[in-house]
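K.L.:
First the structure, which I've put down as structure tokens, then a few questions once you've had a look.
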Amino acid sequence: MNVKIEAGWREALVSEWDKPYFASLTKYVRQRYGETQVYPAPSRIFAAFDATPFDSVKVVILGQDPYHGPGQAHGLCFSVPDGVALPPSLVNIYKEMSSDLGIAIPAGKSGNLSYLAEQGVLLLNSTLTVEAHQAGSHQGKGWEEFTDAAIRALNDRREGVVFMLWGSYAIRKGAFIDRNRHLVLESPHPSPLSAHRGFFGNRHFSRANEYLKLHGKSPIQWL
């Protein structure tokens, strides 16, 4: 498979490219892009990997699906391009960052989280494509196996990575992560339906920075 992806990730995931599931997934995704509206743009499918090279990953935030509304998805979980209204979950993420770190949310702050990806925060959705207005439409097609392989590569080949698992789906997906070698932070999802059940007050952002500093890594500028 000629997959255009950051070189470190290409090497870390080399065993995936020629597996039958990946060939089937590639065929399916190409077909759906040709037949209907699929997000994100094809050039942005692997944007999370390209923005955060394998050797640069300090923190992983795990999402589920790309946003399925027009103009929202751009390949980074929970993130939207500049100029797009902030989705409710992202509003709550910013609120917890502000409360946790004691930093005001800048006025008019964009929902584009590329600034985090550039600092080593892998913003990874479990499923990398979705059809317009159909949440979960590309689940069960192979993406989950691929993103499991990405998480497993970090688990096995890196040390001292912080994994933020928000909600039962992400917690199940990260169950195999070695807690002796990495920091795993779990809480309810930032969705308005669940944020008040423990996402607010989880202090994941300050806890991540404390861990990174303890392991000789620079902290993340979250806001």
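The values are calculated or read from the model by the stated rules, or taken from the named source; none is laboratory data. In this text, all values refer to a predicted model and were calculated from it rather than measured experimentally. Neighbour counts are summed over all protein chains in view; Cβ atoms, including those assigned to glycine, are modelled from backbone coordinates with ideal geometry. In case anyone asks, the SASA skips ligands and DNA or RNA and just uses the protein heavy atoms, side chains included. Shrake-Rupley method; radii C 1.70, N 1.55, O 1.52, S 1.80 Å.
K.L.:
How large is the convex hull of the Cα atoms of the chain per residue, expressed in Å³ as a whole number?
P.N.:
115 Å³
K.L.:
Can you sort Glu186, Glu118, Glu35, Glu6 by 1.4 Å-probe accessible area, starting with the largest?
P.N.:
Glu118, Glu35, Glu186, Glu6
K.L.:
Give me the percent of accessible area attributable to carbon and sulfur for the chain, probe 1.4 angstrom.
P.N.:
Carbon with sulfur: 52 percent of the solvent-accessible area.
K.L.:
Using the charge dipole of segment 1-143 (Lys, Arg: +1 at Cβ; Asp, Glu: -1 at Cβ; taken about the Cα centre), state which of Ser110, His74, Val59 has its Cα farthest towards the positive end.
P.N.:
Working it through, the farthest residue towards the positive pole turns out to be His74.
K.L.:
To one decimal place, what Kirkwood hydrodynamic radius in Å is obtained for segment 99-160 from all pairs of distinct Cα atoms?
P.N.:
Final number for the Kirkwood radius of segment 99-160 is 14.7 Å.
K.L.:
Can I ask one more? Rg (Å, one decimal) plus Dmax (Å, integer) for the alpha carbons of segment 121-223?
P.N.:
In Å, with Rg to one decimal and Dmax whole: 14.8, 43.
K.L.:
I would also like to ask the following. Tell me, what is the percent relative contact order of the chain, built from C-alpha pairs under 8 Å that lie six or more residues apart?
P.N.:
23 percent
K.L.:
Right, something else. Taking only protein heavy atoms into account and a 1.4 Å probe, give the accessible area per residue of the chain in Å².
P.N.:
Result: 45 Å² of accessible area for each residue.
K.L.:
So if I place +1 on the C-beta of Lys and Arg and -1 on the C-beta of Asp and Glu, and nothing else carries charge, what would the dipole magnitude of segment 34-188 be about its Cα centre? I want it in debye, nearest 20.
P.N.:
Roughly 220 debye, rounded to the nearest 20.
K.L.:
So if each residue of separation counts as 0.36 nm, and I subtract the Cα-Cα distance between Ile105 and Tyr169, what length gain in nm does that give?
P.N.:
Here the segment from Ile105 to Tyr169 would lengthen by 20.2 nm.
K.L.:
So, in the chain, how many Lys pairs have Cα atoms under 17 Å apart, if the pair is 8 or more places apart or on different chains?
P.N.:
Eligible lysine pairs with Cα atoms under 17 Å apart amount to 9.
K.L.:
When DSSP beta bridges are limited to those with both residues in the chain, what percentage is antiparallel, rounded to the nearest 5?
P.N.:
20 percent
K.L.:
Solvent-accessible area of His74, probe 1.4 Å, all protein chains present, reported in Å² to the nearest ten, please.
P.N.:
Counting only protein heavy atoms, the figure is 20 Å².
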